[in-house]
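A.B. asks: The structure is given below, and queries will be raised subsequently.
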């Protein structure tokens, strides 16, 4: 069993049962302007259950997770158009968090909206995972995010511990490129897609992002209960590691997403800080993510 799983056992009661890695809540919504007939309503209902079963019943790693160790995550599929029966376009929102040691607090690690989603789902379809080949776009997207979340989670407990799962996520990208579907290629407009999420995280230039993930959570969030002053100092030092990445790759997807996921957390944790500490944090955050300066400014208000 991995070290961080042993650490988690220090928090939660011991259980003799083992389960899969994810505790994933799923919702499937349709835009108000989309006309949904009774047939589509039934298919969408089945889709929700199939996605739930796929995420929660698939064995994604070789590690054993106790029920209380499962990664809490949410997937929301928003359907914007139904070009034909069983064919859908829209976006998927993916979010997950991890518990802080000695606390009931959960820290959001990843909160990402994937805007380029098109897939098919037929009545009574069962989503089946095949690690070595592309089967369909929905299965590929879901398995990509399962592995990406695992990579981020393992990284937050062990320095670069998520590499095997980021590598599997990257393989999902490679396999899916044969489909021609959006979100899987390097040359798509904006570079805000699955390809760049995992391509960046595995590049040496982005190692400070992974170091930040580890230091921020393991030496910061996990230590808030024990020593809040030193924990906040460690969080600042972790975030400061992102400076070099931003200098080389301004507005890169991974850094911006990590910071945006933490905005409310920054506000909460710094709420009792002295003005200088708040100001130092805000100035750093604005330097790293100037596009959200007004949101960071609220920390000082």
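Quick note: the coordinates plus some simple rules give every number you see, no bench work behind them. Predicted model, so just to flag it, every value in this text is computed and none were measured. Because the Cβ atoms are built from the backbone with ideal geometry, glycine has one as well, and the counts that use them run over all protein chains shown.
A.B. asks: When 1/r is averaged over all different Cα pairs and the result inverted, which Kirkwood radius in Å belongs to the range 48-108?
C.D. replies: Numbers: mean 1/r = 0.0699 Å⁻¹.
Evaluated on the range 48-108, it is 14.3 Å.
A.B. asks: List the relative contact order of the chain as a percent without decimals, with contacts defined as Cα pairs under 8 Å and 6+ residues apart.
C.D. replies: Details: 465 pairs, mean separation 39.4, N = 301.
Relative contact order, the chain: 13 percent.
A.B. asks: Moving on to the next point. Taking the simple approach of a point 7 Å from Cα along Cα-to-Cβ for both residue 93 and residue 188, what is their distance in nm?
C.D. replies: Spacing of the two 7 Å Cα→Cβ label points: 1.9 nm.
A.B. asks: Sticking with this one: Using alpha carbons only, how many angstrom separate the centre of the range 168-218 from the centre of the range 116-158?
C.D. replies: The two parts, judged by their Cα centres, are 14 Å apart.
A.B. asks: I would also like to ask the following. Does the range 166-280 come out rounded, prolate or oblate by the C-alpha gyration tensor, with a ≥ b ≥ c the root eigenvalues, rounded set by a/c under 1.5 and, if not, prolate when a/b is larger than b/c and oblate if not? Don't skip to the end; give the middle numbers.
C.D. replies: Numbers: a/c = 2.67, a/b = 2.35, b/c = 1.13.
It comes out prolate by the Cα gyration axes.
A.B. asks: What number do you get for the chain when its Cα radius of gyration is normalised by 2.2 N^0.38 Å, N = residues? Numbers along the way, then the final one.
C.D. replies: Values: Rg = 19.9 Å, N = 301, 2.2 N^0.38 = 19.2 Å.
That ratio works out to 1.03.
A.B. asks: Can I ask one more? Count the DSSP beta bridges whose two residues both fall in the chain, then state the antiparallel fraction as a percent rounded to the nearest 5. Spell out each step's value before the answer.
C.D. replies: Values: 24 of 33 bridges.
Bridges in the chain that DSSP calls antiparallel: roughly 75 percent.
A.B. asks: Full-extension gain between residue 177 and residue 267, please, as 0.36 nm times their residue separation minus the C-alpha to C-alpha distance.
C.D. replies: On the way: separation 90, 0.36 × 90 = 32.40 nm, distance 4.00 nm.
Gain on stretching residue 177 to residue 267: 28.4 nm.
A.B. asks: Subtract the Cα-Cα distance of residue 124 and residue 84 from 0.36 nm times their separation in residues, and report this length gain in nm to one decimal. Working shown, then result.
C.D. replies: Numbers: separation 40, 0.36 × 40 = 14.40 nm, distance 1.69 nm.
Once the chain is fully extended between residue 124 and residue 84, it gains 12.7 nm.
A.B. asks: Moving on. Please give the peptides 147-153, 210-216 ranked by average Cβ packing (other Cβ atoms within 10 Å per residue), highest first, as a rough proxy for protection.
C.D. replies: The packing order, highest mean first, is 147-153, 210-216.
A.B. asks: I need the shape label for the range 212-301. Rule: rounded when a/c is under 1.5, else prolate if a/b > b/c, else oblate, with a, b, c from the alpha carbon gyration tensor. Mind showing how you got there, number by number?
C.D. replies: Values: a/c = 1.91, a/b = 1.26, b/c = 1.51.
Oblate, since a/c reaches 1.5 and b/c is not below a/b.
A.B. asks: Provide the packing ranking of 117-125, 36-44, i.e. peptides ordered by the mean count of other C-beta atoms within 10 Å per residue, highest first. Write out the running numbers ahead of the final one.
C.D. replies: Values: 117-125: 16.0, 36-44: 13.8.
Output ranking for 117-125, 36-44: 117-125, 36-44.
A.B. asks: Here is a further query. By how many nm would the segment from residue 70 to residue 240 lengthen if fully extended, with 0.36 nm per residue of separation less the alpha-carbon distance?
C.D. replies: This chain segment gains 58.2 nm when fully extended.
A.B. asks: To continue, here is another question. Counting only helical runs of four or more DSSP H residues, what would the 222 nm mean residue ellipticity of the chain come to if each run contributes -39,500 (n - 2.57) and the total is spread over all its residues? Don't skip to the end; give the middle numbers.
C.D. replies: On the way: 12 runs with 132 residues, N = 301.
Taken over the chain, the calculation gives -13500 deg cm²/dmol.
A.B. asks: Determine, for each peptide in 23-29, 182-188, the mean count of other beta carbons within 10 angstrom over its residues, then list the peptides with the highest first. Before the final figure, lay out each step's value.
C.D. replies: Details: 23-29: 17.9, 182-188: 15.9.
In decreasing order of mean packing, 23-29, 182-188 become 23-29, 182-188.
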